[in-house]
Protein chains: 4
Amino acid sequence: MAFEFKAIRRVEFSETDMAGIVHYSNFFKYMETAEHGFFRALGHSVVMDQFDPPVGWPRVHAECDYRLPLRFEDEVEIHLLVSEKKSKSLSYIFKFRKLNGPQPIEVAHGSLTVVCVTKGMDGKLSAATIPEAFSDKIEVAPAEML
Amino acid sequence: MAFEFKAIRRVEFSETDMAGIVHYSNFFKYMETAEHGFFRALGHSVVMDQFDPPVGWPRVHAECDYRLPLRFEDEVEIHLLVSEKKSKSLSYIFKFRKLNGPQPIEVAHGSLTVVCVTKGMDGKLSAATIPEAFSDKIEVAPAEML
Amino acid sequence: MAFEFKAIRRVEFSETDMAGIVHYSNFFKYMETAEHGFFRALGHSVVMDQFDPPVGWPRVHAECDYRLPLRFEDEVEIHLLVSEKKSKSLSYIFKFRKLNGPQPIEVAHGSLTVVCVTKGMDGKLSAATIPEAFSDKIEVAPAEML
Amino acid sequence: MAFEFKAIRRVEFSETDMAGIVHYSNFFKYMETAEHGFFRALGHSVVMDQFDPPVGWPRVHAECDYRLPLRFEDEVEIHLLVSEKKSKSLSYIFKFRKLNGPQPIEVAHGSLTVVCVTKGMDGKLSAATIPEAFSDKIEVAPAEML
């Protein structure tokens, strides 16, 4: 049973803006990097074609608190923790730590809620129970970590 | 005194992802489109070089709730409303409406808190009082609109 | 018969990088804005689901020469001109002009070659003849404009 | 003396578009990933603040030929080769290889020309000789590799 995953990225030039820092929208791309790495670490892709019917994971809520800026070539750790697990949805929190300073420092804190959906005959998406083969592998992180 | 602004965008192909819908991180770019249009409508740029010292507006909090997807070529209205005004920060909410359906429909709801900062001699940013010439032009939207 | 289209965009904050100018990759997104506007002006979407079989337009070549930088809030005109028309492909050139200076000035010059494709039973894409209903509406721009 | 560098990236979900493949503009971001990795491998950052005056590297030409699509979670190697070295500019070619198939396969081929510039007293950029401390470390790749 897994409840966390850490991804590391180096800030790209194209992720900065004219203020000289990472554009705030990119933190949401960074969250996905960790989320999809978490899925892969469990032997799954977020594109779950192997299930019948195939399921997808649209986002229903996303947020981020920004404390310190990230700059070009900074090394950032994105620490995903499962904060809630329901039959049809998952919530994560994300701790962003800059690693290349005198000591690791938390620069941002985010969260994401995603819903498991499947596509009906009519092409419409509707919420679906998370496939057991995946659900059985994950659990909520210990409270003291959240 | 202004408390709202509406921007309209057409969804670009490059804003979609392999799920066929606008990638969730782009809603945060859309928020900025409305925010910066709001500034321009008041005769200002978000890059406030005309003040001495110059001020900037880093984001400290951003969030979004996603209700319905946006697709390629959809026309989306981003309705900014000032939800809070403090001496050194502003908060906005954003209502995203898809305009090109049978009737306008709200597809997402976001919010943003930005802080007015200025750069010190040492290059460090610190919170600053919003310049009067700008502050005098804005007010919080009526409660029933929020 | 159409051979040109002009789109206008205002540079977004999120399109700039830490050098204070539009990131060079964004000029390729700007090209698409003009290309898709060109299609729409002819009553078509680049996503051509109305044909049987549906066709798509992957890019096979793209290039851009950069002369002058674009900055935040600059107004840029993207002038598309059809430079070549074959049975299964189209080429465009793009002239980027900054409009908000003392006089319009060309800041970049790009080109794009796209191929008309259709998806076979096996899911593989193969080059296809451009549907007549679309092809009949476009022609190559006069040589002196290219 | 160095003339090449290889960077590896895994395709992110946010880099795909509704056609299910990596958006063509992202190949230009991938090129930068390799270019900046090349600089770092030589002990430099593309943001060369350590020189007096500081130098920057704006792009003057970029192009890409697309042969095969890249998809979500594909592993792509970006192989940079120095193709030209002048006193004030550098040119690179880039070979994009997809690594996660039965065998590595070239999916795209790009090139980039960048100019070394410095900022004058008046804030204007002008072409400058590449600093020796950097120039001495690089050479053009053998012809048979280009």
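The values are calculated or read from the model by the stated rules, or taken from the named source; none is laboratory data. Values in this document were obtained by computation on a predicted structure and should not be read as measured data. Don't worry about glycine lacking a Cβ; one is built from the backbone with ideal geometry, like all the others, and counts go over all protein chains shown.
Could you pull out the residue among C:Ala62, C:Ala19, C:Ala2 that is under 30 Å from D:Gly123 (Cβ atoms) and of a type in the set (A, V, I, L, M)? Reasoning before the result, please.
Numbers: C:Ala62 fails: under 30 Å from D:Gly123 (Cβ atoms); C:Ala2 fails: under 30 Å from D:Gly123 (Cβ atoms).
Just a single option satisfies the conditions, and that option is C:Ala19.
Among the residues of the stretch B:38-88, not one is in contact with a Leu (Cβ under 8 Å, 6 or more places away or on another chain), of a type in the set (Ser, Thr, Tyr) and within 11 Å of another protein chain (Cβ to nearest Cβ).
The set of residues from the stretch A:119-136 being surrounded by 12 or more Cβ atoms within 10 Å (Cβ to Cβ), out of contact with any Ser or Thr (no Cβ under 6 Å at 6 or more places or on another chain) and modelled with pLDDT of 90 or more comprises A:Ala127, A:Ile130, A:Pro131, A:Ala133, A:Phe134, A:Ser135.
Of the residues screened, C:Phe27 is not one that is more than 8 Å from every other protein chain (Cβ to nearest Cβ), under 16 Å from the mean Cα position of the chain (by Cα), surrounded by fewer than 23 Cβ atoms within 10 Å (Cβ to Cβ) and not in a loop (DSSP other than H, G, I, E, B).
Among all residues of the stretch A:71-83, there is none that is in a loop (DSSP other than H, G, I, E, B), surrounded by fewer than 20 Cβ atoms within 10 Å (Cβ to Cβ) and of a type in the set (Phe, Trp, Tyr).
For the structure I just gave you, tell me whether B:Ala34 is within 13 Å of another protein chain (Cβ to nearest Cβ), among the small types (Gly, Ala, Ser) and within 21 Å of A:Phe27 (Cβ to Cβ). In short, yes.
Would it be correct to say that C:Leu99 is within 30 Å of A:Glu15 (Cβ to Cβ) and surrounded by fewer than 19 Cβ atoms within 10 Å (Cβ to Cβ)? Show your work before the answer.
Details: within 30 Å of A:Glu15 (Cβ to Cβ): yes; surrounded by fewer than 19 Cβ atoms within 10 Å (Cβ to Cβ): yes.
Judged against the criteria, C:Leu99 is a match.
The residue of the stretch C:98-110 that is farthest from D:Val60 (Cα to Cα), among those that are among the hydrophobic types (A, V, I, L, M, F, W, C) and touching a residue at least 60 places away in the same chain (Cβ under 8 Å), is C:Leu99.
In the set (1) touching a Ser or Thr at 6+ places or on another chain (Cβ under 8 Å); (2) crowded, with 19+ Cβ neighbours inside 10 Å, the condition left unmet by D:Phe38 is number (1). Screening C:Phe5 on (1) away from chain D (no Cβ under 14 Å); (2) loosely packed, with under 15 Cβ neighbours inside 10 Å shows it passes everything except condition (2). Which of the numbered conditions does B:Ser87 fail, given that it passes all the others? Conditions: (1) in contact with a Lys or Arg (Cβ under 9 Å, 6 or more places away or on another chain); (2) assigned to a loop (DSSP other than H, G, I, E, B); (3) modelled with pLDDT of 95 or more; (4) farther than 18 Å from A:Val60 by Cα. The one condition B:Ser87 does not meet is (1). Residues in the stretch C:94-136 that are assigned to a strand (DSSP E or B) and more than 26 Å from C:Phe51 (Cα to Cα): C:Phe94, C:Lys95, C:Phe96, C:Arg97, C:Lys98, C:Ile105, C:Glu106, C:Val107, C:Ala108, C:His109, C:Gly110, C:Ser111.
For the stretch D:30-55, residues that are assigned to a loop (DSSP other than H, G, I, E, B), touching a residue at least 40 places away in the same chain (Cβ under 8 Å) and of a type in the set (A, V, I, L, M, F, W, C) total 2.
Screening B:Met18 with (1) more than 30 Å from D:Asp74 (Cβ to Cβ); (2) within 12 Å of chain A (Cβ to nearest Cβ); (3) at pLDDT below 95 gives one miss only, at (1). Per the listing A:Thr113, A:Thr118, the residue uniquely touching a residue at least 12 places away in the same chain (Cβ under 8 Å), over 24 Å from A:Phe27 (Cβ atoms) and not aliphatic (A, V, I, L, M) is A:Thr118. Just so you know, in the stretch C:8-24 the residues that are in a loop (DSSP other than H, G, I, E, B) and at negative phi include one that is surrounded by the most Cβ atoms within 10 Å (Cβ to Cβ), and it is C:Tyr24. Are any of the residues in the stretch C:25-33 of a type in the set (Asp, Glu) and closer than 27 Å to C:Glu132 by Cα? Taking every residue of the stretch C:25-33 in turn, at least one turns out to be of a type in the set (Asp, Glu) and closer than 27 Å to C:Glu132 by Cα.
Checked against (1) touching a Ser or Thr at 6+ places or on another chain (Cβ under 9 Å); (2) at pLDDT 95 or above; (3) not β-branched (Val, Ile, Thr), C:Gly56 passes all but condition (2). When residues in the stretch A:137-146 are screened for being exposed (fewer than 11 other Cβ atoms within 10 Å of the Cβ) and not in a loop (DSSP other than H, G, I, E, B), 2 of them pass.
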